[in-house]
Each structure stands twice: as structure tokens, then as C-alpha cells.
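First comes the structure, then the notes that go with it.
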Amino acid sequence: MNGDPSAPTVAAPLPPARAAGPRPAPAEAPAPPSGPTGPPDRRGFLVKAFGVTALLSAAGSALGLLRDLLLARFFGANQGTDAFLVAWTVPETAAPLLIEDAMAFLMVPAFSLALVLREENPESPDPVRQLVRATLPWLLAALCALSLGAALGAPQLVQLLAPGLPDPGLAVTCTRITALTILPFGLAGYLGSALRAHHNFTAPAGIYVAYNLGILAVLLTCNAIWGVRSAAIGVAVGSLLMAALLVGPFVRRLRGPATGRATGPPPGARRGRGPQAGGLVLIPLAILPVAVFTLTRQAQVFVERYLGSGLPPGTISHLNYAAKVSQLAMTAAILICTVTFPLVARALAAGDLVTARDRVEKDLGQATAVVLAGTAFLMACAPSVVALLFQRGAFGPQDTAATAAVIRVYSFGLPAQALIGVMVRPYFSVRPVVRRAGDRRPDDGGRRLLDWYPAAAMLLGLGVTVVVGLLATPGYGALGLAAGNAAGITATAALLLRGLLLRGIAVRTGRVLAGQARLLAAAVGAAAAGVLVAGLPADPLLSTLLGGATVALVFAALGTGFGAAEVRGPVLAAVRALCPPSIADEGKLPHGR
């Protein structure tokens with residue numbers, strides 16, 4: 001990807017007429033939602049949706065953190081927790097594949113296109129109901145088969161993932177229990193995607209609250225009876241609660257007033273192009289590149305577990321606790337693109353590439369600002385945060401030091417993780433798993449090959465992870481594994497920036513990279529100041545509070561001074577809210593993007 005605002009000539013671009021949007025978006029189609037010229041009601045919707053999603057996601061994250069605290073308190077970091085965490089690889093893999101990433105990449109654009117068709121042809125058969133009838137039964141059958149296969153193949157999975165475990169029997173038992181999560185995870189991902197496409201964010205945002213409540217209930221009541229197996233059983237119970245939470249809202253949406261009057265396939269539908277769903281044609285093979293990308297991304301965890309199983313006991317647990325704390329910095333960043341993803345998908349379904357591009361550029365800047373602020377905080381306060389959260393019971397000072405060191409190395413890859421989350425959503429939305437029945441755009445080999453670009457980028461990044469891990473692990477242990485993770489994911493993010501242009505979304509790279517550089521400079525300065533202040537007090541709570549406050553203030557000051565719009569806007573809004581208008585006007589901050 002280069003800095004030219006215009007898209008270069010690339011292989012298999014979208015036809016120019018398509019980019020210009022020959023099918024005008026319906027009146028209800030979202031305009032650029034958070035720009036200064038966006039409609040007030042759309043901006044209000046985004047604020048409300050983000051607020052609800054953020055609140056429930058924060059509650060889910062807090063319960064997840066409590067879950068990890070209890071795991072550390074009850075079981076520490078030893079052979080038992082290593083065995084459970086190997087088994088946890090199943091839900092850890094199923095969650096991004098079936099809830100957070102692949103299922104959303106597939107079904108949010110699919111339902112968005114069905115809704116666009118419903119708006120354009122209100123007297124036609126309802127495409128939304130047809131889509132559900134054409135996809136949900138097959139999905140449930142496939143999920144049942146995967147769940148059964150994972151349970152039966154648990155011994156082979158454990159041997160493949162962690163051949164160095166001293167007690168593989170416990171890991172096999174926990175893996176068979178956690179294999180039950182595949183079916184409810186997949187159902188939750190499907191129902192949540194449908195609800196988000198309908199702009200219903202409340203129930204999907206609450207699934208991790210239900211999930212972690214189920215785990216906590218079993219863990220608190222049964223840890224003395226079943227040991228670490230209670231955590232595996234809790235994971236299975238929590239996954240059932242997760243799916244149950246979404247069934248009611250989904251059924252109410254589906255039973256609502258139907259736009260179309262008939263439910264049969266449209267007359268004259270062409271055959272041989274895939275199953276029909278109302279005015280849509282399903283493209284089942286479009287699932288493959290999405291699934292491969294998600295699994296390849298998750299394979300970074302497999303590499304860590306595989307190489308970590310040969311290191312001293314507790315290493316896998318240190319990596320897990322570090323990853324959980326590091327990912328907290330990404331929560332708000334991922335929420336941004338979770339809320340805006342249906343808007344991007346609707347714009348692309350209507351052929352409005354300009355609106356989609358503008359939204360993606362905003363998301364890249366906002367997600368980077370949030371995750372860099374969190375990264376600076378973790379760099380400054382990792383030891384005090386780990387001591388404050390985990391250092392009690394079986395989790396001792398040595399575990400704290402090891403986990404904090406891994407967090408700091410992991411943090412180098414957090415910005416890339418956030419950027420990938422933003423970029424891959426519109427990439428897969430351009431060619432979703434469904435298309436209009438009358439769409440005659442060419443489907444040549446170049447376009448199909450381009451579908452695999454994210455998976456290829458992720459595979460190259462995984463190769464970097466493996467090479468760095470193999471080279472660094474003998475000398476640096478868990479830090480070498482964390483360095484491999486950060487290097488690999490950063491390489492993938494750089495490749496995906498280029499991929500957006502290849503897909504026809506002409507992101508203005510120079511503009512985006514300039515904004516990223518301003519945010520990075522602010523984060524470096526904030527982290528340096530935070531390290532100095534956080535090291536002064538010995539008390540973990542005081543160190544975390546002082547270091548965090550310093551990071552926040554310095555990041556806000558430097559970001560505003562450097563002209564980062566994502567920081568300057570909220571700072572100016574805060575100044576206007578706190579100060580009288582005359583003072584706010586007299587003390588205007590420097591202009592800049």
C-alpha cells in the first residue's frame with residue numbers, strides 16, 4: 001500500500017461502475033456515521049450503540065478478569081493449570097472462529113445484504129427469512145459434527161498441541177468437556193451476527209457476561225470437588241447460557257412483521273450458482289478463506305502452547321495471564337469496529353465505497369488511539385497491575401515478575417492486533433458469502449484468488465512467529481514466545497494495509513499513516529513518563545493509579561499537541577464541558593488533524 005490517495009491499478013479491482021455505486025443506497029442506508037456532516041440521529045445511534053456495547057463488554061471483561069483471578073488463586077501456575085489451558089485451546093479457537101471473527105465476517109454482510117434487498121423490494125419474498133432457512137439447519141449439523149469430532153479426538157489434540165505435558169490425561173478430560181462449547185458458540189455467533197445487522201447490539205454485547213457468570217458459578221461452588229476440571233465444566237455451562245441469551249431476541253426479530261409476502265424462492269431463479277435464499281445466491285466456498293484466516297490467526301496460540309510445553313512448568317500459565325491482561329487494552333478498540341461493522345457492510349452492499357472508506361479510516365484512527373493509550377499504560381504499570389490482580393494465594397512474586405515481563409513484550413503487538421480487527425472486516429464484506437441473484441459481476445479466478453489474501457498474510461505472519469519463537473525461546477523462554485507473537489502479528493497488519501487497496505477500498509494511506517505516527521509518538525512519551533512515576537511508590541495500587549493517571553494526562557497532552565484528531569477532539573470536548581465558554585474559547589488548543 002502506498003501513500004497515493006488514489007487507488008493504483010491492481011489485479012482484479014472492482015469495476016469502476018460498481019465503485020461509483022450504480023445502485024443508490026436506500027433512504028435508510030447509513031451515511032458516514034461519526035463525521036461532522038453525518039446526520040444527528042445516526043451519530044446518536046452510534047453513541048448509544050457504542051455505550052451499550054461498551055458497558056456490557058466491560059462487564060463481561062471484568063467477570064472474565066475475576067475468572068482468571070480465581071483460577072490463579074485456586075490453582076496458581078502449575079501442571080494442572082497448564083493442562084486446563086491446553087484444553088481451553090478448543091473454546092479459544094472456537095470463539096474467534098464462531099463468534100467474534102469468522103462467523104461475523106460471513107453473516108453480518110450476508111444479513112446486511114438481505115436487509116438492503118428487503119428495503120429495495122418490499123413486495124418480494126423476505127430475503128432475511130429465506131437466508132435463515134437456507135443456512136441455519138446446515139450450520140447446526142456442521143457444529144454438532146465438529147463438537148463430536150473434537151471430543152473423540154481429544155487425545156490426539158492434546159498430543160498435537162502440547163506433547164511435553166507431564167500429565168496429558170487431565171488435559172484430555174478437560175478437552176472433552178470444553179469440546180461441548182462448539183455448538184453453542186456457533187449458534188451464538190450466528191444469532192449475534194443477525195441481531196447486529198438489524199442494529200440490535202444489546203443482547204450480543206451481553207453474551208460474555210452470561211458466559212463468565214456460568215464459569216464463575218461452577219468454579220466457586222465446585223473447585224474443591226473437581227479441581228481444575230471445574231473450570232472446564234464452567235466453560236461448557238457458560239457457553240450454553242451465551243446461546244440461550246440470544247435465542248429470544250432473534251426469534252422476536254424473525255417473527256416481526258415480514259416485509260415480503262411470500263417465502264418461496266423467487267420465480268426464474270437461476271440454477272447451478274449455489275442455493276437460493278430469497279433474492280440472494282449463497283456462495284458456500286466463500287466460507288473457506290474466512291475460516292482459514294481465523295484458524296491461522298489462532299494458530300499463534302498453538303505455537304505458544306507447543307513451544308511452551310517444553311519450558312518449565314507454569315510457562316503456559318504465565319503466557320495466558322499475560323495475554324488476558326494485554327487483551328484488555330484492545331477491548332474498547334475492538335468495540336469500535338464491532339459497532340460500525342454493520343454500517344460498513346450495509347454501505348458495501350449498496351455499492352457505496354466512499355462511505356465505507358471514510359468509515360474504515362475513522363475506525364483505524366480511533367482504534368489505534370485507544371489501543372496505544374492502553375499499550376502505554378501496560379508498558380508503564382505491568383508489574384504493579386499483575387501484583388494487584390494476581391499476587392495472592394498460589395500466585396507468588398516470581399509469577400508476577402514473569403507475567404509482567406511477558407505483558408510488556410506482548411504489548412508491542414497490540415496496535416497491530418487492533419488494526420487487523422478493523423481492516424479484515426471490510427475486506428471480507430466486499431465479497432460476502434451471499435450475492436444478489438441478479439448480480440452479473442465477473443467472478444474470475446483473480447477475484448477468487450484475492451479472497452485468500454488475508455489468510456496468506458496471516459500465514460506469513462505465523463511463519464515470522466515460528467521463526468522468532470524458535471530462535472528466541474532457547475535463550476529467553478516465554479519472552480521469546482511473546483516476541484514472536486508481536487513480530488508475526490505486526491507483519492500481518494502491514495500486509496493487510498496493502499490488501500484493502502487490492503480489494504477496491506481506496507484508503508488514503510498517507511493520511512492514515514500520518515495519523516498513526518502522531519498517535520505513536522504520543523504513546524511513547526506517555527509510556528516513558530508513566531514508567532518514571534509508577535516506579536516511585538512500592539504499593540501496587542498506588543503505583544497503578546499514579547502511573548495510569550500520568551499516562552493518560554501525558555498521552556492526552558502530547559496527542560493534542562501533535563495534532564492527532566482522535567485525541568484532540570475528546571480533549572477539546574472535555575475542556576468545553578468543564579470550562580465556561582469564554583475560557584474555552586480563549587484557550588483554544590492548536591489546530592491539526
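Data for the structure
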{"item": "Directionally averaged projected area (convex hull, Cα atoms, region 475-561), nm²", "result": "8.3 nm²"}
{"item": "Estimated FRET transfer efficiency (HIS199, TRP226; beta-carbon r; R0 56 Å; 0.05)", "result": "0.85"}
{"item": "Extended-chain gain in nm, criterion 0.36 nm per residue less alpha-carbon gap, ARG576 and ARG392", "result": "61.9 nm"}
{"item": "Distance in nm between pseudo-label sites at LEU160 and LEU55 (7 Å out along the Cβ direction from Cα)", "result": "4.3 nm"}
{"item": "Viscosity 0.692 mPa s, temperature 37 °C, Stokes-Einstein D of region 320-416 from Kirkwood C-alpha radius, µm²/s", "result": "220 µm²/s"}
{"item": "Distance from region 113-166 to region 306-339 (C-alpha centre basis), Å", "result": "26 Å"}
{"item": "Computed FRET value (nearest 0.05) for LEU542 with LEU513, which takes r as the C-beta separation and R₀ as 41 Å", "result": "0.60"}
{"item": "Contour minus Cα-Cα distance for ASP167 and LEU152 (0.36 nm per residue)", "result": "3.5 nm"}
{"item": "Alpha carbon convex hull of region 125-248, volume per residue in cubic angstrom", "result": "111 Å³"}
{"item": "Loop-resident sites, region 117-180, for GluC sites (Glu not before Pro), counting at most 13 other Cβ within 10 Å (DSSP)", "result": "GLU123"}
{"item": "Carbon plus sulfur fraction of accessible area for region 48-159, probe 1.4 Å, in percent", "result": "69 percent"}
{"item": "Computed Kirkwood radius, in angstrom, where 1/r is averaged over Cα pairs of region 142-204", "result": "13.3 Å"}
{"item": "Where labels lie 7 Å past Cα in the beta-carbon direction, separation of LEU136 and ALA494 in nm", "result": "4.6 nm"}
{"item": "Region 60-160: Cα Rg divided by the 2.2 N^0.38 Å rule of thumb", "result": "1.56"}
{"item": "Per residue accessible area of region 98-242, 1.4 Å probe, in Å²", "result": "36 Å²"}
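The values are calculated or read from the model by the stated rules, or taken from the named source; none is laboratory data. What you see is a predicted model; the values in this text were computed from it and never measured. FYI the Cβ positions are ideal-geometry reconstructions off the backbone, even for glycines, and counts take in every protein chain you see. Ligands, DNA and RNA are excluded from the accessible area calculation, which covers all protein heavy atoms including side chains. Shrake-Rupley method; radii C 1.70, N 1.55, O 1.52, S 1.80 Å.
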